[in-house]
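Structure first, then comments.
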Amino acid sequence: MDFESPDVERDFPGLYASESGSGKRSQDSDFSDDAHDRSTKKELLIGKRKDKKESKKDQGYAALEGESSPEEDLDVKSPCKSKKSKSFKFPTIKEKREKSREKDSKEKDKDKDKDKEKDKDKDTDRDKEKRKELKSKLKLKDKKKVKVSEDVTESVEEMPVFGVPLSVAVDRSHCHDGIEIPVVVRNCIDHVQDYGLATENIYKISGIKSKVQQLRRSYNKREMVNLCDYDVPTVTSLLKSFLRDLPEPILTTELTPKFEDIACVKELAAREQELASLLLQVPTCNLTCLSWILRHLENVTANESQNKMSISALGSVFGPVFQTSTRVVTALLSHCGALFPNVKLVRYIPPLSSGCTSLPNTREAIAAELIKQDSLLNQIHSEMNHGYTVRSEELWEVQRFITLLKRKLRSLEKAQEASSQAVDKVDSVAEKSEHSATAAPSTTLSKIAPISPSNDKIDFQLQVWFTLLSSKLAKLAQLMHNLYPVFK
């Protein structure tokens, strides 16, 4: 903008004065109001120019705002938008008091919060302690409740039938009819003898493992087992598992090498004699169990046409079961009849249990049942002495059966004594009547004299009636004898 143009003078009249006047005024008073007004007007014009330039710049910046990056928008700001800095002021006493009060209140709040947190921690600790106490009490209750079951499981685990020496298995679960064999072996043999001799590939086919394990648990717990509910392969697998789990071979570890040497002998007679002499060294429980198993396998080979199991096939199956070679098993099977001539397989009848309602009727059957019940009672007592209390309820049943059997045996003995006394009386009466009849002199009376029939041809009741009749006839004959002289 040109300051000397007429437009400026029109807009701002009196802005420029003459040089003379200006010089004088400047010389007279440089600090007058007019001079101050003039300088301010110039400054206003210069400020307007600057404002216009800045507005133009702002317009240019506004046009370029769309092209700028977001980072530049954040960092770069137009000078017109910049905030003016506040002047620093010293705080007053009131403000200081307020700030101190605020600080005190904040510190109090913090202390309260800390106290609350401590209380919460204490509460949580108390709750945890209470929970621990409750858990400990519950555990104690559970332990008390589970003690019986734990004792039972421990006792069952302490007194199993499987996986123990054969002598121990016989003591824990033996047959009560006098044959020292584990009940497992006896039941398996009886089941196969009744239902499995004609089964094809018997002892080769394995049963279901879950069922075999279930049977093992049942025998370990001394439970009543009905093998008729299972198939033949499961029963044969149970027998093989029992023999396989023995810690020592059934032929013993000491004698097994000797059996191996004897099995290599080719002469049958010499091999048979050596086997018989070596079997005498085997423990009695092992020998009894071995004899029953070999006798059973002999019956299996007798049905080879149906089950297709020869001696060699059974030897290959039972070699690992006996923990020996197939040659030893085949040798024992081939000489089984000569080695065990007195062994006969008899079906095992267990002692009477709570489900039985009838008792034996004969003295012999009652005596045999009493022997079984006494054996069972002794076994239960020995188990209870070792801490096995599962069969405590069965103890009372066994004692009840023993008392019932003894009562019945006494009643039968009394009845037999009474019958024998009656027979003795009848015999004495008959003898007296015969003696009186022979003493009568008359022939007529001798014709009336009784003729005693033989005891072999008549019944007991007929004999009683005959004796009574003969006694009456004897009295009548005596009366006639007394009256004979009178009539004469």
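The values are calculated or read from the model by the stated rules, or taken from the named source; none is laboratory data. Given the structure is predicted, the values throughout are model-derived calculations rather than measurements. Cβ sites come from the backbone with ideal geometry, for glycine too, and all protein chains shown count toward neighbours. Note: accessible area is taken over every heavy atom of the protein model, side chains too, but ligands, DNA and RNA are not part of it. Shrake-Rupley method; radii C 1.70, N 1.55, O 1.52, S 1.80 Å.
For residue 198 and residue 345, compute 0.36 nm times the residue count separating them, minus their Cα-Cα distance, and round to one decimal in nm.
Details: separation 147, 0.36 × 147 = 52.92 nm, distance 1.75 nm.
Extending this stretch completely gives an extra 51.2 nm.
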How much space per residue, in cubic angstrom, does the convex hull of the C-alpha atoms of the stretch 298-377 take up? 184 Å³
Compute the Cα gyration tensor for the stretch 228-331, then decide on rounded, prolate or oblate, letting a ≥ b ≥ c be the square roots of its eigenvalues: rounded whenever a/c is under 1.5, prolate when a/b is larger than b/c in the other cases, and oblate in all that remain. oblate
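Rank-order 207-213, 230-236, 164-170 by packing density, defined as the average count of other C-beta atoms within 10 Å over each peptide's residues, highest first.
230-236, 164-170, 207-213
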Test of understanding: what is the full-extension gain from residue 223 to residue 406, defined as 0.36 nm times their sequence separation minus their Cα-Cα distance? 63.2 nm
Show me the GluC sites (Glu not before Pro) within the stretch 267-368 that DSSP assigns to loop and that have at most 16 other Cβ atoms within 10 Å of their Cβ. 267
Calculate the length of the line joining the C-alpha centroid of the stretch 220-282 to that of the stretch 323-392, in whole Å. 18 Å
Could you derive backbone 3J(HN,Hα) for the stretch 309-316 from the dihedral phi with the Karplus parameters 6.51, -1.76 and 1.60 (θ = phi - 60°), listing whole Hz in sequence and x where the residue is Gly or Pro? 10, 8, 5, 5, 5, 5, x, 5
If R0 = 25 Å, then residue 419 and residue 374, at their Cβ-Cβ distance, give a FRET efficiency to the nearest 0.05 of 0.30
Please compute, for the alpha-carbon atoms of the stretch 324-416, the extent along each of the three principal axes and give them in descending order in Å. 57, 42, 21
Could you work out Rg/(2.2 N^0.38 Å) for the stretch 327-370, with Rg from alpha carbons only? 1.97
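Express the accessible area of the stretch 291-345 per residue in Å², computed with a 1.4 Å probe while the remaining protein chains stay in the model.
Heavy-atom SASA per residue in the stretch 291-345 reads 39 Å².
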Select from the stretch 258-360 those trypsin sites (Lys or Arg not before Pro) which occupy a DSSP coil region and have at most 15 other Cβ atoms within 10 Å, ordered by residue number. 266, 308, 344, 347
In debye, nearest 20, what is the charge dipole magnitude of the stretch 310-381 about its Cα centre with +1 on Lys and Arg Cβ and -1 on Asp and Glu Cβ, if you could check? 200 debye
